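S.K.: This is the structure, below, for whatever I ask next.
Laboratory data are not the source of any read-out in this text; all were calculated from the coordinates shown. Just so it is clear, the structure is predicted and the values come from calculations on it, not from any experiment. Note: ideal-geometry Cβ built from the backbone for every residue, glycine included; neighbour counts use all protein chains shown.
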Ligand SMILES: NC(=O)C1=CN([C@@H]2O[C@H](COP(=O)(O)OP(=O)(O)OC[C@H]3O[C@@H](n4cnc5c(N)ncnc54)[C@H](O)[C@@H]3O)[C@@H](O)[C@H]2O)[C@H](O)CC1
Ligand SMILES: [K+]
């Protein structure tokens with residue numbers, strides 16, 4: 001599914017209004033209905049349905065507030081006890097928002113204009129009793145920090161016991177950046193219209209939006225698949241289509257040989273974990289190149305892989321290149337980096353790899369730190385054979401010679417700019433990993449949880465991407481598939497363990513299960 005910034009959403013909305021003559025009021029009404037439907041799903045209903053339940057709706061002066069007033073009217077019609085708090089003078093509401101104010105004023109719902117401190121007690125009581133709190137303060141029109149008075153009320157909303165639903169985007173979260181200046185509404189659910197906004201995946205946005213529900217509000221589907229939009233969020237259906245088909249007569253040769261250059265003294269685990277990631281993602285033949293001093297250890301820990309002992313006792317040295325080259329014959333993919341250690345000698349091996357190996361190459365961890373010392377090496381690849389880089393923000397900061405804060409502030413822009421510049425697929429890891437393609441497209445990954453913040457999970461991901469490449473998946477899709485399933489594996493483990501205490505090996509072990517579930521879901525769809 002495509003993901004848009006505020007300007008792109010407005011253009012789509014304008015097109016629908018002008019080309020098909022759909023009145024904007026109709027879009028607002030549909031938006032309101034989408035929110036009402038979600039409220040009906042969220043609030044546990046008694047025999048009486050929503051009747052008698054309490055709702056508080058915080059309304060701003062723009063069209064987001066207009067949506068909120070339309071929701072308020074519908075909730076009154078459903079029998080709810082509705083209190084609307086307007087954070088503007090009523091005459092400031094214009095157009096569709098003003099009309100919805102008028103319609104609401106014709107119902108039995110209560111409405112208060114909040115001008116300062118004096119309504120604080122009333123508001124606090126209403127919020128304490130509300131089954132649902134609806135945030136219609138600001139939508140995609142907000143820039144900068146929330147006004148001071150609203151901020152104080154937002155803090156109250158964040159302490160309210162009821163279910164909090166944000167309309168379009170949590171108020172206080174900037175639609176284009178996800179930036180939160182001081183505070184924002186912490187929603188349990190965000191119902192967003194047309195297409196999801198960048199801010200739901202960037203900055204602090206993901207911490208505030210809760211579950212995201214997307215409703216097309218009757219905007220034509222053809223506008224929502226606009227070619228000009230180059231940011232996407234990965235969904236089950238997209239990723240399922242990337243899984244390579246297994247043929248009945250397939251064998252280890254057709255499932256691909258992959259080379260993993262990894263490990264050093266004290267970090268043999270990195271090669272083992274990356275190896276597990278590869279094996280659990282279906283690689284046909286895995287060959288690990290490791291320094292002499294640990295080769296036996298790695299061999300004993302991962303029986304299914306062939307391990308080649310290469311020059312270098314504790315770390316691979318310059319001579320290791322010959323082993324890498326020999327083993328890479330007929331390889332479909334190569335990954336280098338996990339656990340290599342800060343070993344300056346390996347730079348020349350990387351240089352040879354980039355110059356001479358023709359299959360797709362994944363660079364991770366220490367390989368990236370070494371490249372950061374000589375970023376010009378990336379141009380050796382010149383787009384030949386596919387290049388994938390999988391940095392976390394620290395590694396990306398070193399590669400770009402800037403601070404981690406710079407990376408985090410501009411994740412999307414930097415990932416895309418560097419993917420284009422380096423002619424590489426860039427997997428910028430984080431709570432929402434971004435996969436950027438050299439053609440300028442970017443994909444947000446919605447799977448995964450904080451349980452992945454543990455040593456070794458990155459190694460598993462590298463191995464998994466290696467395996468998808470070895471099976472013939474294109475570099476961009478191998479990155480998407482690897483990242484998405486890795487996150488899903490963690491989400492599967494979270495069902496049992498919550499967000500901590502599962503291990504990188506367990507993440508690897510879950511990959512076939514989540515891949516299978518995804519394939520099976522597709523079959524179910526086809527059976528109707
Ligand atoms: N996308 C769609 O198809 C539809 C969207 N709808 C809803 O409309 C809002 C966008 O409405 P808009 O009036 O443009 O913006 P806001 O409601 O967010 O209000 C902006 C309002 O606030 C002022 N402002 C901006 N920043 C600040 C600030 N930091 N402090 C104070 N005031 C600020 C700004 O000047 C404006 O006056 C969208 O999100 C949807 O909810 C339609 O209803 C349905 C179709
Ligand atoms: K909102």
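S.K.: Give me the mean projected area, in nm² to one decimal, of the convex hull enclosing the Cα positions of segment 118-184.
M.R.: Averaged projected hull area, Cα only: 4.3 nm².
S.K.: On to the next question. Expressed as an acute angle from 0 to 90° and rounded to the nearest 10, what is the orientation of the C-alpha long axis of helix 475-497 relative to the principal long axis of the chain?
M.R.: 70
S.K.: Only counting other Cβ atoms within 10 Å, I'd like 208, 223, 153 sorted with the fewest neighbours first.
M.R.: Least crowded to most crowded, the residues run 223, 153, 208.
S.K.: Then there's this: Averaged over all directions, how much area does the convex hull of the C-alpha atoms of segment 453-528 cover when projected, in nm²? Mind showing how you got there, number by number?
M.R.: Working: hull surface 22.4 nm².
Over every viewing direction, the Cα hull of segment 453-528 projects on average to 5.6 nm².
S.K.: Obtain the radius of gyration and the Kirkwood radius of segment 63-105 from its C-alpha atoms and give Rg over Rh.
M.R.: 0.95
S.K.: At 0.36 nm per residue, minus the direct Cα-Cα distance, what do residue 319 and residue 26 gain on full extension? Give it in nm, one decimal, please.
M.R.: The span from residue 319 to residue 26 would gain 98.5 nm if fully extended.
S.K.: Using the Kirkwood formula over every pair of different C-alpha atoms, what hydrodynamic radius in Å results for segment 235-388?
M.R.: About 15.8 Å for segment 235-388.
S.K.: Then there's this: With the cut-off at 1.5 for a/c, could you classify segment 371-492 from its C-alpha gyration tensor as rounded, prolate or oblate?
M.R.: On the way: a/c = 1.66, a/b = 1.18, b/c = 1.41.
The shape class here is oblate.
S.K.: Follow-up. Give the average over all directions of the projected area of the C-alpha convex hull of segment 201-265, one decimal, in nm². Show your work: numbers first, answer last.
M.R.: On the way: hull surface 41.8 nm².
Projected area, direction-averaged: 10.4 nm².
S.K.: Oh, and also: Within the chain, what percent of beta bridges assigned by DSSP are antiparallel, to the nearest 5?
M.R.: The antiparallel proportion sits near 15 percent.
S.K.: Still on this structure, please answer the following. Run lengths n ≥ 4 of DSSP H only: what is the helix-derived mean residue ellipticity at 222 nm for the chain, with -39500 (n - 2.57) per run over all residues, to the nearest 500?
M.R.: Roughly -13500 deg cm²/dmol at 222 nm, from the helical runs in the chain.
S.K.: Could you list 85, 377 so that the one with the fewest beta carbons within 10 Å of its beta carbon is first and the one with the most is last? Please list the in-between numbers first.
M.R.: On the way: 85 24, 377 18.
By the 10 Å Cβ count, ascending, the order reads 377, 85.
S.K.: Note the per residue figure in Å³ for the convex hull of the C-alpha positions in segment 6-229.
M.R.: Considering the Cα atoms of segment 6-229, their hull volume per residue is 113 Å³.
S.K.: Okay, moving on. Just want the ordering: 418, 15, 296, from fewest to most Cβ atoms lying within 10 Å of their own Cβ.
M.R.: 296, 15, 418
S.K.: Further question: Translational D (Stokes-Einstein, µm²/s) of the chain at 4 °C and 1.567 mPa s when Rh comes from the Kirkwood sum over C-alpha pairs?
M.R.: D = 52 µm²/s.
S.K.: Using a ≥ b ≥ c from the Cα gyration tensor of segment 238-527 (square roots of the eigenvalues), is it rounded, prolate or oblate, where a/c under 1.5 gives rounded and otherwise the larger of a/b and b/c decides, a/b for prolate?
M.R.: On the way: a/c = 1.38, a/b = 1.14, b/c = 1.21.
Cα axes put segment 238-527 in the rounded bin.
S.K.: Continuing with the same structure: As a test, work out the antiparallel percent of DSSP beta bridges whose residues both lie in segment 6-229, rounded to the nearest 5.
M.R.: 5
S.K.: Continuing with this model, one more query. Measure of size requested: the Rg and Dmax of segment 52-152, with Cα atoms as the atom set and Å as the unit; please supply both.
M.R.: 12.7, 38
S.K.: Rg/Rh for segment 36-102: what does it come to with C-alpha atoms and Rh from Kirkwood?
M.R.: Using only Cα positions, Rg/Rh for segment 36-102 is 1.02.
S.K.: Follow-up question, since we're still on this one. Whole angstrom only: what separates the Cα centroid of segment 218-257 from the Cα centroid of segment 120-173?
M.R.: 38
S.K.: What are the equivalent ellipsoid semi-axes of segment 1-68, built from the alpha-carbon gyration tensor (square roots of five times its eigenvalues), in whole angstrom, biggest first?
M.R.: Numbers: eigenvalues 171, 36, 32 Å².
Each semi-axis is the square root of five times an eigenvalue, giving 29, 13, 13 Å.
S.K.: Is segment 285-348 rounded, prolate or oblate when judged by the Cα gyration tensor, a ≥ b ≥ c being the square roots of its eigenvalues, rounded requiring a/c under 1.5 and prolate requiring a/b larger than b/c? Working shown, then result.
M.R.: Working: a/c = 1.74, a/b = 1.15, b/c = 1.50.
Oblate, since a/c reaches 1.5 and b/c is not below a/b.
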